[in-house]
Structure formats: C-alpha cells, structure tokens
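Below is one structure; the comments refer to it alone.
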Ligand code: BF8
Ligand code: SF4
C-alpha cells in the first residue's frame, strides 16, 4: 500500500506510514486485499427470505430485449434493487430519528428539571420551535387594572410543552408532522399531491421496512413513494428536530475559529477524542474536561493539560458551538490512535469502525463505549454508560479514566505536524446575519447576488469518506470546480472536514479558488467560500437555508426552481442515502460519487435518475469522475438560471 495513492491528506499519509512501520492493519490495507461483491454493488442481490440469496447480475454487455431476470419468487431486478434501496433509506432515517429521540428525551428531562446538567441556552430558538410546533408562547395574565394582557410563558414550562409536542412527531400515526410544514408552500403542495407528507417519524420507517418484507410491495414506484415519506420524515423531521432542540440546549452555531487535522493533538497533554454523533455526551465531556480539579488531576499524572478534540460528526458538533479542535474525518479514526498520543477515544453511535478496538490494542489508547445501543464486543474496550440524569458525573468518570491512562503512553509517539485554521458554524441564522448586508436578518442580499450573477448558484456538498476511493480527493475536486464557477458551497459532515483540512474553510481561500464574482462576495462579507453548517444531522439546516432563499424572493416559489444542486462525492453510509433521497424529494438534483447500488436494474435506475424529476422536480444521479460530477451540477444550475430568466 502506497499511502500517497489512497489519500490526498498529508497527515493521513504520514500516519499510514507509521501504521505500516508499527505493523498495524487499517481499513486502507483491507480495501486493497478485499474486493467488493459486484452483484451487491449493482443492488441486485436479494436476501430478504431464506430461499435466496437470489443474485441477478447484469449480463456483460447489458440487457438486450426484455429483461427476464427473476428471483425464485419472481422478484424482478427493479423490485430487488428498490427493496435494497428502501432498506438503506429506512436505516439511515432510523439512525437520525433515533439520535433525535435521544435528544428529545434529554430535552424533556431538562425541561422537567430532572437533570440540571442541561439547560435552555437559546430562548429565541425555543420560541421559533414552539411556533412551528403550535405551542403557545404567551399566556393571558390579568393585571392590577383587571385587564388581561399576553405575557411570555416561563422558559422551562414552555420547554416542557415543546418537548412533549416534539416527541409526538415521532409517535404520531396520522396527519402531517409539524416540522415539515415549514417547507415552502409550493413544495408542500407537491408533497400533498403525491401523498408523501410524513405522518409520523417512527411510522414511516416501520412501514417502509414492512413493505420490503418478502412478498409485500412489489412495485418499485410505490416503494419509492414510501421511501420519500420516510426520508422526508428524516430531513424535515428527525434530523430537523434533533438539530433544533440541540440548538436550544447547547446554542445555535455562529461562525467560530477552529483548527483541524491530527496535528491538533498535543504530545504533553492528555488527549481525549470524542467520536460519533450525539452532542448530549460530548457537551458534558467539554464541561468535565475544563474543570479546574480535572486539570489539576492531569497535572498530577504528569500532563500539562487536557486536549479535547472531535472525530467525525461529534467533532462538528463541538466545533460549531465551542470552536474545539477537530482531529479528522471518518477515514482518520484508526490513524488518530496510531499517533500513540490518544489516551481515550470516547464513542457513542454511528460510523465507529469496529477495527479501532484492534488498533488500540497496539497502543495504550482506551476505547470507551458509552451508549447502550452501541457496544463493541472486544476485551479491549470499556463501557461507561452515559445517562442524561447523571450526565456530568458520567462525563467526569470518562475524563478521569483518560487522565489515568496518560502515564501508560508507550514510546514512539508521533503527531503529524499538520493542522489548518478554519471558520465553521454557519447555521441558517448565521448565514442570514452574515450575508444580510445592511439589512441584517435577511437572505435578500444573497438572492440579489445570485440574481446579478456574482454567485452562479448554491451547492450542498456533504457526506462521508469511503475507503474504496481516494480519501478527501472527490470532495475537494468537486468543490474546487464549483467554486471556480462561482457556486457557493454549503457543507456538512466529513465533507466539511475535508474542506477544513485543505484550507477551504479559511476566508482567505476565496481569492485563491473562486471565480471573480464569488470571490468578491466572500471578501466583502468576510466569509469562506465553503460554509461549514455542522454535522450530518444538520443537513436539515441546508433545507431551511434553501427555504429562506425561496422566501426572500426573486428565485421562484419552490426549492426545485433554485439554481442549486446537491452532492455526496465519497458517500458510504446508509444515512447518506436517506439524506440523498430527502434532498431529491425536496426538489434538489443530487449527484452521488462512488457508485450506487441501483445500476443492476436499468429500469429502477431510470426511474430515480429521470422520472423522479417529473414528480418532485429533483432527481438522483451518479457520476464517478469528480470533474464531470461538478460539471453536471453546474449544467443543472445553469438550466435553472435560464428557467428563471437569469
Ligand atoms: O454523519 S459524513 S462518515 S461521520 S455518515 Fe459518518 Fe458519513 Fe462522516 Fe457523520 Ni455523516
Ligand atoms: Fe429470492 Fe424472492 Fe426470497 Fe428475494 S424474496 S431471496 S428474490 S425468493
């Protein structure tokens, strides 16, 4: 394995060399020795019943004449590929939805003051959420003069109602989930006409899974309809409520300075990495790691201090709210341990590679699992369960274990000398504020710049890393091509981290990478050309930003009319498929890289890549070449501009 051939990131290259030297096997090694299954990659392997697996590979040279392939039960390639696709949407939506459920439960415990570790940080956001959940924010109070006047409700009393109403969006069985009603009216009309407005977050996921059981929904178009309900229940429901309630408890992000890459680790400090997705835990670890007694304890153990950094989306959560350093994105998790400088890697849910337990065995790193839903069966991990009722105490326990591990460092510690400064934390509120120009609190100046052509359009480039493709390279190539053509980029997840490491989240990068129009806008406002909006669950912020652009006027009535496109160049997780589908169902042209398991069924692929546009105004696409990938997005943006007469 030549490290330079698998990643463009210098810190990653250095640590891969160290891993080779230390005799440690990583995902990069296995990606060379283990080939992917071709039939699975085409989406046409069915194993939903025990008469299979029925494998329907695409014949070499493609299908000529009628496609007569069938599974034992008669399932067509379309049914099989659509069922597989549907299961990915269901699992991805479940992951975000269950994350959101955890947030709501903690929110309710907070509102009831069962836990004092969490509190309401952003009352303005509380009001906003109360409004869309139809919770009254005022009560009538009779004054001394006998006249009744409206008064603001007490914060925690209001939060209690908001929490209950939010939870009801998960359990609701009929009607329409309330958070989705924030979409532009024209979009809602599309959804109502197609009968896909989600009825309840849990319900849509369960129904989608049911419909993929052997012998249930055997019409791929009808399956995709339920995919839309579940995906919309994610983007406009589970994810959106998770983001909004997190903002209330931990603060709505505003741009902050931060640092990224493995070079943020400090040799003379206790290094703790929080890795995973839920800020409920990491927020408490932030507090515990900064307590004076804890610092004293670290000093007793011979360290100069405690360095807390994030990995994957948890990193994004603590970055956008506290400016805390980011160690790296998905494909760097094993390599952080390879530095030999990490005392503890604290994990919760999603995107945690099981192999970190094996890598940790070669160093002194403690892997601490914290969530009852996500354990690792390895003698080498410790489980310290995290409960919202004893949150800070649990966090202290975890930090103490890390500190106690500092003296166990082994010789051969090596931290790459690579880190980049960045600005992150562009919530929809922050974008409003920063691009608001003279009239603070409006998207109009952004729209004006799109209308006058300084900004050609908007792209959402998001998603994972994938060991089957060169680390970070797809993200960076697609994004640089877009910037050249004056397309402003909104980013989240591991894509945003790739940008950070490459310097694209620094405002100075605008004049280097952007076309003249976008460079001018960025320089005038003082923003980077790529706006880091947070974790994957915060893709809901992109939906709301798009809604704000529609509301600001001049660019049509619906998200589907905007000169905008979506992309996930290096996707790997099922969450990415759920996200892709809610973008498509929200009217966005969305291009994936790396392959999509639908290519084994030309009919199903045509439905996703062409016919969906007639229904939703958005559609899927697949493009492996990052230059062509960006070109397709730009062509789409140009098409939308032309339709608007721009
Ligand atoms: O939610 S981008 S690899 S870390 S799935 Fe995972 Fe993909 Fe990263 Fe966060 Ni999102
Ligand atoms: Fe085969 Fe049909 Fe069973 Fe799928 S459901 S494994 S196609 S028999």
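Any read-out appearing in this document is the output of simple, stated calculations on the displayed coordinates, not a laboratory observation. This one's a predicted model, so the numbers in the text were calculated from it and none came from an experiment. No Cβ is skipped: glycine too gets one built from the backbone with ideal geometry, and neighbour counts run over all protein chains shown.
By how many nm would the segment from residue 147 to residue 131 grow when fully extended, if each residue of separation counts as 0.36 nm and the alpha-carbon distance is taken off?
3.2 nm
Report the extension gain between residue 389 and residue 70 in nm, rounded to one decimal, defined as 0.36 nm multiplied by the number of residues separating them, less their alpha carbon distance.
Once the chain is fully extended between residue 389 and residue 70, it gains 109.5 nm.
Set the Förster distance to 60 Å, then compute FRET efficiency between residue 610 and residue 155 from the Cβ-Cβ distance, nearest 0.05. Present the calculation step by step, with values, prior to reporting the outcome.
Numbers: r = 50 Å, r/R0 = 0.84.
So, using R0 = 60 Å, E works out to roughly 0.75.
Quick check: the distance between the Cα centres of region 623-646 and region 66-145, to the nearest angstrom?
Spelled out, the Cα-based centre of one part sits 32 Å from the other.
If you take the beta carbon distance between residue 361 and residue 296 as r and set R0 to 30 Å, what does 1/(1 + (r/R0)^6) give as a FRET efficiency, to the nearest 0.05?
Plugging the Cβ-Cβ distance into 1/(1 + (r/R0)^6) gives 0.45.
Rounded, prolate or oblate: which fits region 77-250, taking a ≥ b ≥ c as square roots of the Cα gyration tensor eigenvalues, rounded meaning a/c under 1.5, else prolate when a/b beats b/c?
Prolate shape, in that a/c is at least 1.5 and a/b is the bigger ratio.
Determine, from the Cβ-Cβ distance of residue 287 and residue 124 and an R0 of 30 Å, the FRET efficiency 1/(1 + (r/R0)^6), rounded to the nearest 0.05.
On the way: r = 23 Å, r/R0 = 0.76.
The formula returns an efficiency of 0.85 here.
Using packing as a proxy for protection, rank 207-218, 38-49, 148-159, 456-467 so that the peptide with the highest average count of other Cβ atoms within 10 Å comes first.
On the way: 207-218: 16.5, 38-49: 19.8, 148-159: 14.5, 456-467: 26.8.
My ranking of the peptides, most packed first, is 456-467, 38-49, 207-218, 148-159.
How much mean residue ellipticity at 222 nm does the chain get from its helices, if each DSSP H run of length 4 or more adds -39500 (n - 2.57) and you divide by all residues, to the nearest 500 deg cm²/dmol?
Values: 28 runs with 302 residues, N = 646.
Rounded to the nearest 500, the figure is -14000 deg cm²/dmol.
Return the percentage of antiparallel bridges among DSSP beta bridges fully within region 424-643, rounded to the nearest 5 %.
Among the beta bridges of region 424-643, antiparallel pairing accounts for roughly 0 percent.
Determine, for 375, 311, 127, the number of other Cβ atoms within 10 Å of each Cβ, and report the residues in order from fewest to most.
Ascending number of Cβ neighbours within 10 Å: 375, 127, 311.
What is the spin-label model distance, in nm, from residue 25 to residue 168 if the labels are put 7 Å beyond Cα along the C-beta direction?
5.4 nm
In 10 Å bins starting at zero, report the fraction of Cα pairs in the chain per bin as a rounded %.
3, 16, 26, 27, 19, 7, 1, 0, 0
Between residue 38 and residue 417, what is the spin-label point distance in nm, taking each point 7 Å from the Cα along the Cα→C-beta axis?
It is 4.8 nm.
Would you mind telling me the antiparallel percentage of the DSSP bridges in the chain, rounded to 5?
Approximately 25 percent, going by the DSSP bridge assignments.
Among 351, 312, 37, what is the fewest-to-most ranking by other Cβ atoms within 10 Å?
Listed from fewest to most nearby Cβ atoms, that is 37, 351, 312.
Give, in nm to one decimal, the length gained when the segment between residue 646 and residue 213 is fully stretched (0.36 nm per residue of separation minus the Cα-Cα distance).
Numbers: separation 433, 0.36 × 433 = 155.88 nm, distance 4.78 nm.
Answer, rounded to one decimal: 151.1 nm.
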